[in-house]
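Here the structure comes first, spelled out in structure tokens, and everything after it is commentary.
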Amino acid sequence: MEQPKQRLPQSRNEINRLGSRIKVVLKERSGAREIEIEGNREGLAALAAICSGLARLTPEELRTPANHYHLDEHFWGTEKGSIPLIIWCHEDGWQNGAS
């Protein structure tokens with residue numbers, strides 16, 4: 001069985017930047033739910049590197065487990081109390097020009 005490959009190796013230094021802090025919180029305000037992402041500069045730069053790295057995947061890579069990234073307090077070091085967040089990239093199911 002093949003060993004899992006590191007996700008987004010070209011962005012590894014940005015994603016694993018020392019001092020990165022991210023917290024993902026679900027808040028309710030007036031009956032509406034919102035997801036709030038709080039972070040320091042390093043943490044937000046790491047989140048941006050994850051998103052841009054996923055956006056650069058090849059069509060073949062999008063059909064593999066490399067097409068997503070997990071963020072929660074036990075994986076990738078998000079702050080304690082964060083709700084789990086999965087960032088996916090896929091092209092299927094989207095309509096061209098839909099907003």
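General observations
- Check on A49, within 10 Å of C89 (Cα to Cα), assigned to a helix (DSSP H, G or I) and out of contact with any strand residue (DSSP E or B) (no Cβ under 9 Å at 6 or more places or on another chain): no
- Output for the range 15-34, where each listed residue is over 13 Å from L47 (Cα atoms) and not in a loop (DSSP other than H, G, I, E, B): V25, L26, K27, E28, R29, A32, R33, E34
- Residue count for the range 54-83, restricted to those that are in contact (Cβ under 8 Å) with a residue 40 or more places away in the chain, assigned to a helix (DSSP H, G or I) and of a type in the set (A, V, I, L, M): 2
- If the condition is being aliphatic (A, V, I, L, M), surrounded by fewer than 18 Cβ atoms within 10 Å (Cβ to Cβ) and at pLDDT below 90, then the range 9-60 contributes only L18.
The values are calculated or read from the model by the stated rules, or taken from the named source; none is laboratory data. It should be emphasised that the depicted structure is a prediction, and the values quoted were computed from it without experimental measurement. All Cβ positions, even for glycine, are placed from backbone atoms using ideal geometry, and neighbour counts span all protein chains on display.
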